[in-house]
Amino acid sequence: MKLTGVELRKVRMPLKSPFRTSFGTQLARDLLLLRVVTDEAHGWGECVAMAEPLYSEEYVDGCADVLRRFLIPALFAHGNLTAIDVAPALAAFHGHRMAKAALEMAVLDAELTARGVPLARELGATRDRVPCGVSVGIMDSIDELLAAVGDYLDQGYLRIKLKIEPGWDVAPVRAVRERFGDIALQVDANTAYTLADAARLARLDPFELLLIEQPLAEDDLLGHVALAARVRTPICLDESITSARAAAAAITLGACRVVNIKPGRVGGYLESRRIHDVCAAHGIPAWCGGMLETGIGRAANIALAALPGCVLPGDTSASDRYYDTDITVPFVLDDGHLPVPAGPGLGIGPDAELLDTFTVATEWLPQ
Ligand code: SMG
Ligand code: MG
């Protein structure tokens, strides 16, 4: 394909309710959407960076800058282009995986649309619907948390993930276990603990959680190895897994027994499939994470979640968990599952009018 231009859109989506994690509270989802135009088809990409560099070092305006200044010009210079060319063409630029992932995703959507191939099939998916979990933020009170969890269980979610931080960990987990019994339950600390908290984290063991996600700093693989010797709950890594190589290292060291795959965090869906394959080869359960995506990113995440090694329910919740109005046809939970899009490429696109409603700025970058 020949790339003729890229549209960058800054979008602001109000969240239905505030989402609080150990690193801050999100009231709205600011994000970047990309549309690549080629001589054969166009394609959409969603950049999962947040407004501020709190989850990782990337942030919306930083991604827009590196895209327009370095990444998009590098693709323009490349000539004939398919999705597998994108990562090598951008490899000279260090880091910026979320920005790179968004660009690769858009090229992949364009290429697969032109070829008439659904993303799920391209990645090797084996299911046509995926079981879904939901990530529940830190709340002001246990009562508020129990009401939220009860509501999600009523909607059919098959697994609950509680965000935790020091001071909001054992008590909420105990309360949810006592109220809702033997549900599939896990927690996510977003790096909020240190190894000095090992005894505190071990107090979660009696509650038989599926996993504890990213308790320690993202660069602390050895800390996670040491922690794993002191807690019985399986450790899952999110922020630490930035590539298939990082996944292989974490697994081989014994830093994790489960892996959260997030395409933005690792530089794209193609690297995500490699991580999936590394996990499968090691018998490590994987699952698809989430970054409060719009229907665009959600469609692609669901395709990834349909791979055979994604054996745990993902943070692939229905559109109405996040937004009153999504920019695509909403994903609706059915018996705890979401359908894997079957059309070519992402199998979904934004509604032009809705997209305009939420667009804050648009920029056209011609070849
Ligand atoms: O998309 O449902 C979602 C959010 C899932 O908890 C979630 N994501 O660390 O896994 C994680 C967080 C990162 C985003 S928090 C604003
Ligand atoms: Mg996480």
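Could you tell me the relative contact order of the chain? Use alpha-carbon pairs under 8 Å, at least six residues apart, and round to a whole percent.
The normalised contact order for the chain reaches 22 percent.
How big is the dipole moment of the stretch 1-56 about its Cα centre under a simple scheme where the beta carbon of each Lys and Arg is +1, that of each Asp and Glu is -1, and everything else is neutral? Debye, nearest 20, please.
Result for the stretch 1-56 is approximately 280 debye, rounded to the nearest 20.
Among LEU355, LEU222, LEU210, which one shows the highest mean-square fluctuation when the chain is modelled as a Gaussian network with alpha-carbon springs under 10 Å?
LEU222
Run the numbers on the stretch 38-143 and let me know its relative contact order in percent, using alpha-carbon pairs under 8 Å that are six or more apart.
36 percent
Relative to the present Cα-Cα distance, how much length would full extension add between GLU57 and ASP140 at 0.36 nm per residue of separation?
27.1 nm
Does anyone have the angle between helix 244-253 and the longest principal axis of the chain? Alpha-carbon axes, 0 to 90°, nearest 10?
20 degrees
Quote the relative contact order of the stretch 121-339 in percent (integer), defining contacts as alpha-carbon pairs under 8 Å separated by 6+ residues.
Rounded, it is 23 percent for the stretch 121-339.
With N set to the number of residues, divide the alpha-carbon radius of gyration of the stretch 280-367 by 2.2 N^0.38 Å and report two decimals.
My calculation over the Cα atoms of the stretch 280-367 gives 1.24.
Taking Cα atoms, how many degrees apart are the long axis of helix 97-115 and the longest axis of the chain, rounded to 10 and kept between 0 and 90?
60 degrees
Along the stretch 269-275, what does the Karplus equation 6.51 cos²θ - 1.76 cosθ + 1.60 (θ = phi - 60°) give for ³J(HN,Hα), rounded to whole Hz, x for Gly and Pro?
6, 6, 5, 4, 5, 5, 5
Report the residue, chosen from GLU111, GLU271, GLU52, that carries the largest GNM mean-square fluctuation when the chain is represented by alpha-carbon nodes joined by springs under 10 Å.
Its mean-square fluctuation being the largest, the pick is GLU52.
In Å², what does the accessible area per residue of the stretch 217-283 work out to with a 1.4 Å probe?
On a per-residue basis, the stretch 217-283 sits at 38 Å².
At q = 0.11, 0.13 Å⁻¹, what log₁₀ I(q)/I(0) does a Debye calculation on the Cα points of the chain give, no solvent, two decimals?
-0.70, -1.00
Of THR21, ALA41, LEU31, which is farthest on the positive side of the dipole of the stretch 2-54, counting Cα position, with +1 on Lys and Arg Cβ, -1 on Asp and Glu Cβ, and the Cα centre as origin?
Positive-most Cα among the choices belongs to THR21.
How many percent of the accessible area of the stretch 1-155 is carbon or sulfur, using a 1.4 Å probe?
51 percent
Over the Cα atoms of the stretch 1-94, Rg to Rh with Kirkwood Rh, two decimal places?
Dividing the radius of gyration by the Kirkwood radius yields 1.04.
Using a 1.4 angstrom probe on heavy atoms only, work out the carbon and sulfur share of the accessible area of the stretch 245-367 in %.
With neighbouring chains kept in place, the figure for the stretch 245-367 is 56 percent.
Can you figure out the FRET efficiency of ARG121 with ARG200, using R₀ = 35 Å and their beta-carbon distance, to the nearest 0.05?
Working from the Cβ atoms, E equals 0.20.
For a test of the definition: using alpha carbon positions, the gyration tensor, and the 1.5 limit on a/c, classify the stretch 121-339 as rounded, prolate or oblate.
Here the stretch 121-339 falls in the oblate category.
Compute the helix-to-body angle for 170-180: its Cα long axis versus the longest principal axis of the chain, expressed 0 to 90° and rounded to tens.
The angle comes out at about 90 degrees.
Placing unit charges on C-beta atoms (Lys and Arg positive, Asp and Glu negative, everything else neutral), compute the dipole magnitude of the chain about its Cα centre in debye, rounded to 20.
740 debye
The values are calculated or read from the model by the stated rules, or taken from the named source; none is laboratory data. Predicted, not measured: the structure shown is a model, and the values here were computed from it. When we count neighbours, we look across all protein chains shown, and the Cβ atoms used for this are built from the backbone with ideal geometry, even at glycine. Areas reflect the complete protein model, heavy atoms only, side chains present, ligands, DNA and RNA absent. Shrake-Rupley method; radii C 1.70, N 1.55, O 1.52, S 1.80 Å.
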